[in-house]
Amino acid sequence: MVISAVKVLEDMKTGDSINTDGVCLTVTEFSPSSFTADVMPETMLRSTFVKLKPGSSVNLERALRLSDRLGGHIVSGHIDGTGVIERIRKDENAVVITIVAEEPVLRYIVEKGSVAIDGISLTIVKVDRRMFEVSVIPHTMAETTIILKKSGEVVNIECDIIGKYVEKLGSFGREKIDMNFLAENGFV
């Protein structure tokens with residue numbers, strides 16, 4: 001895949017990562033106005049890349065340096081799945097987007113937590129068993145492709161990575177943490 005870009009290419013080198021619509025891609029070649037990345041079948045299967053056409057707009061973001069400020073959202077560019085935009089509505093100066101997603105994604109969606117939609121890190125304002133909502137400020141609308149989205153479009157979703165690690169590490173090989181487990185491990 002060859003992607004035209006300028007701003008994200010400053011101080012670029014082969015092997016660097018660029019988040020592309022929420023998907024972490026490794027730069028294999030670059031010029032002053034574009035970069036090339038290999039896209040594996042797994043990426044095509046799990047993302048919206050299969051729908052991209054030459055000239056499609058995508059969101060681009062460089063990988064975080066550990067010396068940078070986090071801003072509260074921790075995502076890695078490894079999407080968890082996709083969702084469908086059900087509704088877009090104006091809310092004063094913001095736009096609220098309702099996204100329907102499956103349980104494997106929704107399990108990590110927490111109100112006031114963070115989620116990346118097509119690589120755009122956003123705060124979740126509402127969640128239920130079939131959908132979640134994010135509110136997008138004017139600055140984010142101006143700097144990303146989110147304003148180009150329409151109801152019915154599929155988007156890439158990445159949940160905050162901390163919840164996934166807590167679930168994995170918290171199970172200790174058990175189905176779930178319950179009161180017996182906590183008592184056995186010194187919690188009263």
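The values are calculated or read from the model by the stated rules, or taken from the named source; none is laboratory data. Because the structure is predicted, anything quoted here is derived from the model rather than measured. FYI the Cβ positions are ideal-geometry reconstructions off the backbone, even for glycines, and counts take in every protein chain you see. All accessible areas refer to the heavy atoms of the entire protein, side chains included, with ligands and DNA or RNA removed. Shrake-Rupley method; radii C 1.70, N 1.55, O 1.52, S 1.80 Å.
Every test in (1) open to solvent by less than 30 Å² (accessible area, probe 1.4 Å); (2) touching a Lys or Arg at 6+ places or on another chain (Cβ under 9 Å); (3) free of Cβ contacts under 8 Å to residues at least 60 places away in the same chain is passed by ILE3 save one, and that test is (2).
Whether a residue is open to solvent by 100 Å² or more (accessible area, probe 1.4 Å), in a loop (DSSP other than H, G, I, E, B) and either touching a Gly at 6+ places or on another chain (Cβ under 8 Å) or closer than 30 Å to GLU102 by Cβ (or both) was assessed, and LYS53 passes this test. Given the criteria at pLDDT 95 or above and of a type in the set (Val, Ile, Thr), does VAL110 qualify? No: the conditions fail for VAL110.
Look at PHE181 and say whether it is among the aromatic types (Phe, Trp, Tyr), farther than 26 Å from THR43 by Cα and assigned to a helix (DSSP H, G or I). Here the answer is yes, as PHE181 does meet what is asked.
Consider region 150-173 and keep the residues that are of a type outside the set (S, T, N, Q) and crowded, with 19+ Cβ neighbours inside 10 Å. The one that is modelled with the lowest pLDDT is ASP160.
For region 102-119, how many residues are part of a strand (DSSP E or B) and either over 12 Å from the mean Cα position of the chain (by Cα) or hydroxyl-bearing (Ser, Thr, Tyr) (or both)?
1
Name the single residue, out of those in region 6-21 being free of Cβ contacts under 8 Å to residues at least 60 places away in the same chain and not charged (D, E, K, R), that is least open to solvent (accessible area, probe 1.4 Å). Talk me through it step by step, then tell me what you get.
In the first step, residues of region 6-21 are kept if they are free of Cβ contacts under 8 Å to residues at least 60 places away in the same chain; the result is 6-16, 18.
Among the residues that remain, those that are also not charged (D, E, K, R) are: 6, 8-9, 12, 14-15, 18.
Working: VAL6: 108, VAL8: 22, LEU9: 19, MET12: 19, THR14: 91, GLY15: 46, ILE18: 0 Å².
The residue in question is ILE18.
Restricting attention to region 132-145, the residues that are open to solvent by 10 Å² or more (accessible area, probe 1.4 Å) and aliphatic (A, V, I, L, M) total 3. Among residues of region 29-47 that are within 17 Å of VAL58 (Cβ to Cβ) and in contact (Cβ under 8 Å) with a residue 24 or more places away in the chain, those with a Cβ under 7 angstrom from a residue that is of a type in the set (A, V, I, L, M) and open to solvent by 100 Å² or more (accessible area, probe 1.4 Å), sequence gap 6+ or separate chain, pair up as SER33/VAL6; SER34/VAL2; THR36/VAL2.
Go through region 22-50 and give me each residue that's hydrophobic (A, V, I, L, M, F, W, C), closer than 25 Å to LEU122 by Cα and either in contact with a helix residue (DSSP H, G or I) (Cβ under 7 Å, 6 or more places away or on another chain) or exposed (fewer than 10 other Cβ atoms within 10 Å of the Cβ) (or both). Within region 22-50, VAL23, MET44, LEU45, PHE49, VAL50 qualify. Do we have THR82 as open to solvent by 50 Å² or more (accessible area, probe 1.4 Å), hydroxyl-bearing (Ser, Thr, Tyr) and at pLDDT 90 or above here? Here the answer is yes, as THR82 does meet what is asked. The listed residues are GLU111, GLU143, and the only one of them that is of a type in the set (D, E, K, R) and free of Cβ contacts under 8 Å to residues at least 12 places away in the same chain turns out to be GLU143.
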